[in-house]
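Throughout, read-outs are computed from the coordinates displayed, never taken from laboratory work. The shown structure was predicted, so the numbers you read here are calculated from the model rather than taken from an experiment. Ideal geometry is used to build each Cβ from the backbone, glycine not excepted, and the neighbour counts take in all protein chains shown.
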Amino acid sequence: MKKTFTLTHPKTKYARLIDAVRNEVKRYLKRERGKSIAEGYVWNFACKFGPTAAQAKVINEADLSKAITAAETEQCESFYIEILAKKCAKAEQSYVKPNKAMAEQHEEAEPEKTADS
């Protein structure tokens, strides 16, 4: 998605236009994540944000909402968002997911405290 959002409309309030932009970005990300991909890969998003396409800077996907909020506080009349989906290899997990057996072992290791002790 490469799009310049204009935030001026004769009948729609500014806050509703910002909400519409957030919703459109959220729907786009959800739609792209739902596409099929080969096993061992995950979707990664290359994002840019700025007042114009020429001035757009690379940002993290998680910072899109913060950037939109910053544009809202500055009362920008328009801004540019670019989101490109690309597949990347899934990294090996560096942690072990807790499961029921591990939780039970942890509970057995700690003696319960009673009112008598």
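Here the Karplus relation 6.51 cos²θ - 1.76 cosθ + 1.60, evaluated at θ = phi - 60°, turns the backbone of segment 4-10 into coupling constants of 9, 9, 9, 10, 10, 8, x Hz, with x for every Gly and Pro.
Taking only the C-alpha atoms of segment 21-65, Rg followed by Dmax gives 12.5, 37 Å.
Here the Karplus relation 6.51 cos²θ - 1.76 cosθ + 1.60, evaluated at θ = phi - 60°, turns the backbone of segment 49-54 into coupling constants of 8, x, x, 9, 5, 6 Hz, with x for every Gly and Pro. Applying a DSSP loop filter and a limit of 12 other Cβ atoms within 10 Å to the trypsin sites (Lys or Arg not before Pro) in segment 1-44 leaves K11, K13, K35.
Rounded to 0.05, the FRET efficiency of the S65 and W43 pair, given R0 = 22 Å and the Cβ-Cβ distance, is 0.75. Return the subset of K3/K30; K66/K90; K26/K86; K30/K57; K48/K90 for which the Cα-Cα distance in this structure is over 21 Å, preserving the input order. Cα-Cα > 21 Å for K66/K90; K30/K57; K48/K90; rest within. The amide H of I59, built 1.01 Å from its N in the peptide plane, has C47, K48, F49 as neighbours under 5 Å, considering only residues 5 or more places off or on other chains.
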